[in-house]
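Structure first, then comments.
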Amino acid sequence: RNLRIVLLNNGGGGIFSMIPGSPESGRARDFMLTRHRRSASLTAQEFNLSYQCVDSEQGLDKALALFFEGKDRPGILEISTSIKQNADLMHSLRGPRVRK
């Protein structure tokens, strides 16, 4: 009952925007995306999980409080974002890249 899943959905992957070498690859990364318009809502429904989806910081602040407070059943919190936002976040968490 305590399972909580936080899912970042950027609609297409974009891992190559987050790893070294990507900025130099030009348009090659466009061919490595798997763009989609799916959400986790049906997965949550299928497994009887609570489900919330947010797409703003204000919505996230409100949803987080409810998400971790709920104890009745496991749940998914889906955060809709963009590939660029995900890459920027990952780069900020990792810090500046040092080149040798």
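The values are calculated or read from the model by the stated rules, or taken from the named source; none is laboratory data. Everything numeric here is computed off the predicted structure, so don't read it as measured data. When we count neighbours, we look across all protein chains shown, and the Cβ atoms used for this are built from the backbone with ideal geometry, even at glycine. Only protein heavy atoms, including side chains, enter the accessible area calculation; ligands, DNA and RNA are left aside. Shrake-Rupley method; radii C 1.70, N 1.55, O 1.52, S 1.80 Å.
What accessible area, in Å² to the nearest ten, does a 1.4 Å probe give for Thr43?
70 Å²
What does the charge count near Ala63 come to, summing +1 for each Lys or Arg and -1 for each Asp or Glu among other residues with Cβ under 13 Å from its Cβ?
My count for the surroundings of Ala63 gives -3.
Give the accessible area for Glu57 in Å² (nearest 10); use a 1.4 Å probe, count only protein heavy atoms, and leave out ligands, DNA and RNA.
Only protein atoms counted, so the area is about 140 Å².
Between Arg35 and Ser82, with labels modelled 7 Å along Cα→Cβ, what's the label distance in nm to one decimal, could you check?
Result: 1.4 nm between the two label points.
Quick one: if the Förster radius is 25 Å, what FRET efficiency do Thr43 and Ser92 give, using the C-beta to C-beta distance and rounding to 0.05?
0.30
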